[in-house]
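Have a look at the structure below, then the notes.
No lab work stands behind these numbers, since they all come straight from the coordinates. Because the structure is predicted, anything quoted here is derived from the model rather than measured. Quick reminder, even Gly has a Cβ in these numbers, built from the backbone with ideal geometry, and neighbours come from all protein chains shown.
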Amino acid sequence: MKTTWLNKNYKWLVPIATISILVIYLLASSGLGKVSTDLAQAYADKDLYQIAIEKANNDARVLESLGKIQPIDKMTILNGEVRYSNKNKNVTSTIKVQGDKGKAKLDLTAYKEGDKWKYELLHIRMSDASEDIQTIKIINPQN
C-alpha cells in the first residue's frame, strides 16, 4: 500500500498550520499591521521630516540650545512613533534628533495639502542632567 505525502507528514503539518493561522489572526487583530503600514508610509514621505528639521534649524532658540540638527537616518523613523490617519493625509510623529550640542525629540503634527506637508505643531523636547524637560515650540496649533 502506497502512503501519500499527507499521510507521512500530517503529524507536523497540522500543528504548524494551526500555529500559523493563530499567528496571522493575532497579528491582524492586534493592530500591528497598521503600525507597519504607518512606518512604511513614513519611510516614503522623505519631505515630512526633512522640512520639519529645516524649520527647526531656522529657529534661533533651537540653534542656541541644541545646535544644528543633523539629518535623520532610516533607523530614526523605526525607533520613533508615527501615526497616520485620514487616508494618510494627517500624521502625528515623535522621533529622536541629534544636534551639535546634544540630543532631543522632535514632535510634529502635520496634514498633507496637495503634495506638500503643512505643519500644525512642531516642538523640540530636550532634557538636561537634572531631568527637567525644556520644550521649544516652533509651530503651535492655532486655538
Discussion item. Which of K11, K68, K105 has the fewest other C-beta atoms within 10 Å, and how do the rest follow up to the most?
Written reply: K11, K68, K105
Worksheet, complete the sentence: Treating only Lys and Arg (+1) and Asp and Glu (-1) as charged, each at its beta carbon, one finds that segment 8-139 has a dipole about its Cα centre, in Debye to the nearest 20, of 580
Item to complete: Using only Cα atoms, tell me the angle between helix 32-44 and the longest principal axis of the chain; keep it within 0 to 90° and round to the nearest 10.
Response: 50
Item to complete: Towards the positive end of the charge dipole of the chain, with charges on Cβ (+1 Lys, Arg; -1 Asp, Glu), say which of Q134, G99, A28 has the farthest Cα.
Response: A28
Worksheet item: Say the dipole of segment 8-139 comes from +1 at the beta carbon of Lys and Arg and -1 at that of Asp and Glu; which of L13, N90, I72 then lies farthest toward its positive end?
Response: L13
Response to the item:
Between (i) 16.2; (ii) 18.0; (iii) 20.6, the structure-derived Kirkwood radius over Cα pairs in Å is (ii)
Discussion item. Taking amide H atoms as placed 1.01 Å from N in the peptide plane, list the residues 5 or more away in sequence, or in a different chain, whose amide H sits under 5 Å from that of L121.
Written reply: T109
Discussion item. Distance between the C-alpha centers of segment 100-126 and segment 1-80? Whole Å please.
Written reply: 21
Discussion item. Just to confirm the number: angle between the C-alpha axis of helix 46-57 and the first principal axis of the chain, 0 to 90 degrees, nearest 10?
Written reply: 30
Discussion item. What is the angle, in °, between the Cα long axis of helix 5-30 and the longest principal axis of the Cα atoms in the chain? Nearest 10 is fine, range 0 to 90.
Written reply: 30
Discussion item. How high is the relative contact order of the chain? Use alpha-carbon pairs under 8 Å, at least six apart in sequence, and give a whole percent.
Written reply: 15
Fill in: In Hz, Karplus ³J(HN,Hα) per residue of segment 103-112 (6.51, -1.76, 1.60; θ = phi - 60°; x = Gly, Pro)
10, 7, 10, 10, 9, 9, 10, 8, 9, 9
Worksheet entry | Where Rh is the Kirkwood radius over Cα pairs, Rg/Rh for segment 35-99 | 1.00
